[in-house]
Amino acid sequence: MTAVTGRAGRSRGGHRAATPEELQTVVAARRLGRARSCFIGVGRPSTAAILARMLHNPELVIVYESGTIGARPYRVPLSIGDDALAVSADAVVSVPEMFAYWVQGERIELAFLGAAQIDRYANLNSTVIGDYDAPRTRLPGAGGAPEISAGCHEVAIIVPHGRRTFVEQLDFRTTVGHGDGPGSRKRLGLRGAGPTAVYTELGVLEPDPEHLELTLTQVHPGVDPEQVRAATGWDLLVAEHLRETVPATAEELSALRELVAR
């Protein structure tokens, strides 16, 4: 990961300032403050969703791929099969029902996805690194990501920011984001808005309203936009009115660190 310098590493008010990874989680959690439902997997998206319900949105319905609806885990789950999800959920349905009724039925407002590679149109690779027939690395595969991107109202992406992840050309297109640009999703019969934001340790990228290419719209404190461009495998566009992320509050950091330590 590209090193982050500046204010992000300083302490404020006697408290250790947020690390880049913590700020990435906090910003994603803030987005969930205005969502009704969220489809997530484990890892940072799960942490962000639990944090969002703790601080911003106690009515958020968290849905996991394993079939748990309205799960309220006390701690960050170890996997989608963690029993902390089932015992705290409003309902548990089968995986086929989850995708056929809830995802493909467009009943999920927002989904979080991750990937090994992402391109300028927010298409994702979670299949292989290298040639498909003789890959350098075999990845976990699609899982439900293609259906999630096709059926949920919006998709948010959480990935590390570096040239190995943000690539000019995917080694394999596992999940369609905005395809080849305007009109691609419609031609493919994909519903929903597709990816609307990418959250990284350096900032936030959003598709341009006209040409749908990912554009840097927000940088975290202490991060220079040229640093973000240098960590991206294509000539990244920067918004004319670039915003700076509001620093994580003491309440957000305290809640996040306590959650992770459980």
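The values are calculated or read from the model by the stated rules, or taken from the named source; none is laboratory data. For clarity, every value in this text was computed on a predicted model and none was experimentally measured. In this analysis, Cβ positions are derived from the backbone assuming ideal geometry, glycine residues included, and neighbour counts consider all displayed protein chains. Heads up: the accessible areas ignore ligands, DNA and RNA and are worked out on the full protein's heavy atoms, side chains in. Shrake-Rupley method; radii C 1.70, N 1.55, O 1.52, S 1.80 Å.
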Residues being surrounded by fewer than 17 Cβ atoms within 10 Å (Cβ to Cβ) and over 18 Å from the mean Cα position of the chain (by Cα) - total across the range 189-207: 2
Residue match in the range 144-154 (condition: in contact (Cβ under 8 Å) with a residue 12 or more places away in the chain, within 16 Å of Leu214 (Cβ to Cβ) and within 15 Å of the chain's Cα centre (by Cα)): yes
Residue ID - nearest to Arg136 (Cα to Cα), chosen from residues in the range 170-204 that are of a type outside the set (Lys, Arg) and free of Cβ contacts under 8 Å to residues at least 40 places away in the same chain: Leu188
Hits in the range 208-254 - residues which are open to solvent by less than 10 Å² (accessible area, probe 1.4 Å) and among the small types (Gly, Ala, Ser): Ala231, Ala248
Single match in Gly114, Gly143, Gly81 (criterion: on the phi > 0 side of the Ramachandran plot and open to solvent by 30 Å² or more (accessible area, probe 1.4 Å)): Gly143
Subset of the range 206-235 [touching a residue at least 40 places away in the same chain (Cβ under 8 Å) and closer than 21 Å to Asn123 by Cβ]: Pro207, Leu212, Glu213, Leu214, Val228, Ala231, Thr232, Gly233, Trp234
Number of the exception - Glu154 against (1) open to solvent by 40 Å² or more (accessible area, probe 1.4 Å); (2) out of contact with any Leu (no Cβ under 7 Å at 6 or more places or on another chain): (2)
